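A.B. asks: What follows is a structure written as structure tokens; I'll ask about it next.
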Amino acid sequence: MDHQRVNILLVDDQPAKLLAYEVILKELGENLVIASSGREALEVLLKTEIAVILVDVCMPELDGFELAAMIREHPRFQKTAMIFISAIQVSDIDRLRGYEMGAVDYVPVPVVPEVLRAKIKVFAELYRKTRQLERLNQELEDRVRARTAELENSTAKLRESEQRRSMAIAAGKMGSWDWDWINGDWMWDEGQYRIFGVTPETFNVTSANIQALLHPDDVDQFRRAIAALNSGALAYEAEFRIGRPDGEIRWCVGTAAATVDESGRVVRVSGVTVDITERKRAEERQTLLAREVDHRAKNALALAQSIVRLTRADGVQAYVSAVEGRINALARVHTILSLSSWQGAELSKLIDEELAPYSLGGQVKLAGPQVQLLPTTAQTLALALHELFTNSAKYGALSTRSGRLAIGWQSENDLLILTWEESGGPAVMTPKSRGFGTRSLLASVESQLGGRAQFDWRAEGLLCRLEVPLMPKSAAASAAQDRFDPNTFPELQRALG
């Protein structure tokens, strides 16, 4: 190791002696620290790491013995080497007292330079080696701690891995096997038996019996794996299906690794089988969902396209307002259907959403049981209700504070019957011709849903009756309900005017 200089404290009240000690000890190449009193020496010790203390016994205020006693009381300096210098002849009792105070040696005056240097050098080197040894011990302890932590971490990971493997095996998701390539013996663990749906008591593990449990379409894969291993492949992985004795089909992924002898011949094959049936089913559900999302998106776009194409208005602003209203109605029902994962929409929720843009207080009364609508029925009926609300807010009962609207519904034999009754609003006259809103409502309810819409333009307010089938009458009708194409409906074409 490189020579590391240490600090040597020289304590004496006479500057001439301190200068002499400096000259004598300069050859050692260490750091010499000067203190002219006991108190100054204590201050230095508190601030500096000292290897050896050279202290005069006879000093005013605080002599060498008293200073040594104070130094030894501090835990940090209990092992610091102290050498006493005495200008007087000390007795054995004084020597004993000095040793009790912590002195390691005495140097008489006059000082012999070679003797003083030798003594200081010995204790400085001892201090240096002690510190080096402490550093090495610390480094060793740090390495031991680091290695211990590394081993503990590895052990924890191994234990966690084993726990996961045990859990996988216990859940029937993973199994391991071993195949003696020479004599054909197989060995399965518990997880392997569980995946294949057999037990050690009832199933004899042989190549022929294993092949019998494979799905007929995947038997060739088993043969290809054997051929690949025979041709020198050291590993093989494949997905395959098995048919359990109870008739259930399970998806698995198998990984095999070959062990060869010195000549390169396969002697043993070991592997792991993982049941991935749930993953496969999830992938199938995801694929179906993606197709469904695509289907719904196309339907929504077709419906929006029909709104844009079929809307008529006297001016640009009126046209924009009408289109925005119908698109917003479509968006509201889309939100309801999304929250139900496109399983359907409850009628009262649909009405509440269409009613939300209007601040009507107690002008509207709703009455009817819970009725669940199919997605396409909900979309079409939402647009029909939007037309009714819009017309009523513009010209009917909802255009005045005194107006009242009662919406009631019931279901009979899978037929929804909804009544819309206005009263208290402006006087109503039977229109000479049907407006676009009325014509599109008729077209959507009658052509799209196969229902019927009736209007009674009473003087006291509009009375409308909608009859809508809740269930398609056939598979063809179901497909038609789930496919929106405005070009297939004559009423909508006539609504174009």
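A.B. asks: What list of ³J(HN,Hα) values in whole Hz, one per residue of segment 24-41 in order, does the Karplus curve 6.51 cos²θ - 1.76 cosθ + 1.60 (θ = phi - 60°) give from phi, with Gly and Pro shown as x?
C.D. replies: Going residue by residue, I get 5, 8, 4, 5, 5, x, 9, 7, 9, 10, 9, 9, 9, 7, x, 5, 5, 4 Hz, with x marking Gly and Pro.
A.B. asks: Over 21 Å between Cα atoms: which of Lys79/Lys119; Lys17/Lys79; Lys26/Lys79; Lys173/Lys280 fall into that group?
C.D. replies: Lys17/Lys79; Lys26/Lys79
A.B. asks: At 0.36 nm per residue, and after removing the present C-alpha to C-alpha distance, how many nm does the segment from Gln317 to Leu234 gain when stretched out fully?
C.D. replies: Result: 22.5 nm gained on full extension.
A.B. asks: Can you compute 3J(HN,Hα) from phi for each residue in segment 79-84, using the Karplus curve 6.51 cos²θ - 1.76 cosθ + 1.60 with θ = phi - 60°, rounded to whole Hz and x for Gly and Pro?
C.D. replies: So the Karplus estimates, Gly and Pro as x, are 10, 6, 6, 10, 10, 8 Hz.
A.B. asks: Once the Cβ-Cβ distance between Val107 and Arg135 is put in as r, and R0 is 35 Å, what FRET efficiency do you end up with, to the nearest 0.05? Walk me through the numbers on the way to the answer.
C.D. replies: Values: r = 30 Å, r/R0 = 0.87.
FRET efficiency, Val107 to Arg135: 0.70.
A.B. asks: Reported to two decimal places, what Rg/Rh ratio describes segment 174-275 when computed on Cα atoms with Rh from the Kirkwood expression?
C.D. replies: In segment 174-275, Rg relative to Rh is 0.95.
A.B. asks: Another question, if that's okay. Full-extension gain between Ala69 and Ala406, please, as 0.36 nm times their residue separation minus the C-alpha to C-alpha distance.
C.D. replies: 110.8 nm
A.B. asks: Now for a different question. By per-residue mean of other Cβ atoms within 10 Å, what is the highest-first order of 222-228, 405-411?
C.D. replies: 405-411, 222-228
A.B. asks: Something else: Below 16 Å, Cα to Cα, which aspartates and glutamates can Lys432 reach? Residues fewer than 8 away in the same chain don't count.
C.D. replies: Asp456
A.B. asks: If neighbour count is taken as other Cβ atoms inside 10 Å, put Ser37, Ser447 in order from fewest to most.
C.D. replies: Exposure proxy ranking, most exposed first: Ser37, Ser447.
A.B. asks: Multiply the residue gap between Arg265 and Ser348 by 0.36 nm, knock off their C-alpha separation, and tell me the result in nm, one decimal place.
C.D. replies: Details: separation 83, 0.36 × 83 = 29.88 nm, distance 7.48 nm.
Additional length available on full extension: 22.4 nm.
A.B. asks: Order these by the 10 Å Cβ neighbour count, fewest first: Trp251, Trp457, Trp186.
C.D. replies: Listed from fewest to most nearby Cβ atoms, that is Trp457, Trp186, Trp251.
A.B. asks: Under a 5 Å amide H to amide H cut-off, with H placed in plane at 1.01 Å, what residues pair with Leu415 once short-range neighbours are removed?
C.D. replies: Residues meeting the amide H criterion: Leu470.
A.B. asks: Additional query: From the backbone phi of segment 238-249, what are the Karplus-calculated ³J(HN,Hα) couplings (6.51 cos²θ - 1.76 cosθ + 1.60, θ = phi - 60°) in whole Hz, Gly and Pro given as x?
C.D. replies: 7, 9, 8, 10, 10, x, 5, x, 7, x, 6, 9
A.B. asks: Under a point spin-label approximation (7 Å from Cα along Cα-to-Cβ), what is the Ala427-Arg285 distance to one decimal in nm?
C.D. replies: 6.3 nm
A.B. asks: May I ask you to derive the FRET efficiency for Asp246 and Asp414 from their Cβ-Cβ distance with R0 = 41 Å, giving the value to the nearest 0.05?
C.D. replies: 0.60
A.B. asks: Given R₀ = 35 Å, what would the calculated FRET efficiency be for Arg5 paired with Asn153, taking r from the Cβ atoms and rounding to 0.05?
C.D. replies: My answer for the efficiency is 0.30.
A.B. asks: When Lys and Arg each count +1 and Asp and Glu each count -1, what net charge do the other residues less than 11 Å away from Trp409, Cβ to Cβ, add up to? Walk me through the numbers on the way to the answer.
C.D. replies: Values: positive: Arg465; negative: Glu412, Glu467.
Residues near Trp409 contribute -1 overall.
We did not get these values from a lab; they are worked out from the coordinates using the rules stated. Model, not experiment: these values are computed from the prediction. Cβ: placed from backbone, ideal geometry, glycine included. Neighbour counts: every protein chain shown.
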